[in-house]
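Only one structure is covered here, and it is reproduced in the block below.
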Amino acid sequence: MHRTFIVWAMLPAACAMAAGRFPAMGYGGNIEITPIIHSSLQIEFGARVIQVDPWRAGDLSYAKLADQVEHAVVTTDAPLDINALSARCPSAGELKAIDHDLKLVFDSDPTRGSTHECTGTNGKDLSLLQSRVYRALATMRALEFSEPLPWTKDSAYRWFTKTVRGVRFTANARTSFCCGPDGLINVRSVIETSPDGRPSGLALAVTQPTQMPTDFRLLASFLQLLVHEARHHNGKPHTCGTKDKTLGELGAWGAAYSFQKWLVEKTAPGFVPDSVKINLQRAMESICTNEICMQPCMAQ
């Protein structure tokens, strides 16, 4: 019991630092604390391991298997929502996993050379745009819905990585589209200045946002675009000009609508804050009003 007290007494200082070792005063040896994701971390002392708030969305490459150690699991009431998940800098392990699953080509990067909160934190020199792209994909990789998306039995990330080879950011496309012969989604990556002096174009590449959210709401619009374009690669062209005839056909617009609906309705309670839900619902309403020919859209 006394050893447990010593471990917990050291947690406030350890959680503010990177993974490291701390002397177990009076007992010999070291206590090793490894952050995994948000409030999830691993505490080791000799053959004893405590997993605090274990969550598979984290980088588990450093986690010990339960059958290899004297193991304990502790859960807390630490809040975790999609804003906290998407705000963190992806670990080196997550970057490696995403690079294995997808080819990301940044032919056009308006933020190249920029510095940001993730600069130098993961062993990879990422621009602001690149950091946001990896954060969005890491969030998608971690998503868990209470039931599968209506067009696939796979998770959103697994479906996406099975459907396309990757994403190219380019200035040479008039609009974003999927896909070229290489199986890559082409995202128009350009920042222009509107007549009133505000930046416009790819939101992920805006370096000084003044009138747009910078939490998951920013990344959500990009993920909607990826879902939309990847659904085209499933053999789902638009059926009403640049629109879809119905939501129920689950074309590109129906998939984008459903993905956001699942974020609002099929995630754990409290995972998606109300401010994000409102934004997602507005985006869904916009799809219904502007991108679906058969009305009323919501009745389908």
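The values are calculated or read from the model by the stated rules, or taken from the named source; none is laboratory data. Given the structure is predicted, the values throughout are model-derived calculations rather than measurements. Here Cβ is always computed from backbone atoms with ideal geometry, including for glycine, and neighbour counts include all displayed protein chains.
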Only one of (1) in a loop (DSSP other than H, G, I, E, B); (2) modelled with pLDDT of 70 or more does not apply to Ala78, and that is (2)
How many residues of region 245-274 are without any contact (Cβ under 8 Å) to a residue 60 or more places away in the chain and either among the β-branched types (Val, Ile, Thr) or within 16 Å of Leu85 (Cβ to Cβ) (or both)? The answer is 3
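Tally up the residues in region 29-57 that are surrounded by fewer than 12 Cβ atoms within 10 Å (Cβ to Cβ) and either among the aromatic types (Phe, Trp, Tyr) or at pLDDT below 75 (or both), please.
1
Return the total of residues in region 275-300 being more than 19 Å from His232 (Cα to Cα), touching a residue at least 24 places away in the same chain (Cβ under 8 Å) and assigned to a helix (DSSP H, G or I). Before the answer, list the steps.
Of region 275-300, the ones more than 19 Å from His232 (Cα to Cα) are 275-283, 285-286, 289, 294-300.
Among the residues that remain, those that are also touching a residue at least 24 places away in the same chain (Cβ under 8 Å) are: 275-276, 279-280, 283, 294, 297, 300.
Filter once more, so that each one left must be assigned to a helix (DSSP H, G or I): 275-276, 279-280, 283, 297.
The qualifying residues number 6.
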Whether any residue in region 121-132 is crowded, with 16+ Cβ neighbours inside 10 Å, in the same structural domain as Phe216 (by TED's automatic domain parsing), hydroxyl-bearing (Ser, Thr, Tyr) and not in a loop (DSSP other than H, G, I, E, B) is what I want to check. yes
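Of all residues in region 179-194, which are in a strand (DSSP E or B) and within 24 Å of Lys236 (Cα to Cα)? Explain how you work it out, then say what you get.
Within region 179-194, the first condition is being in a strand (DSSP E or B), and the residues that meet it are 184-188, 191-193.
Scanning region 179-194 gives Leu184, Ile185, Asn186, Val187, Arg188.
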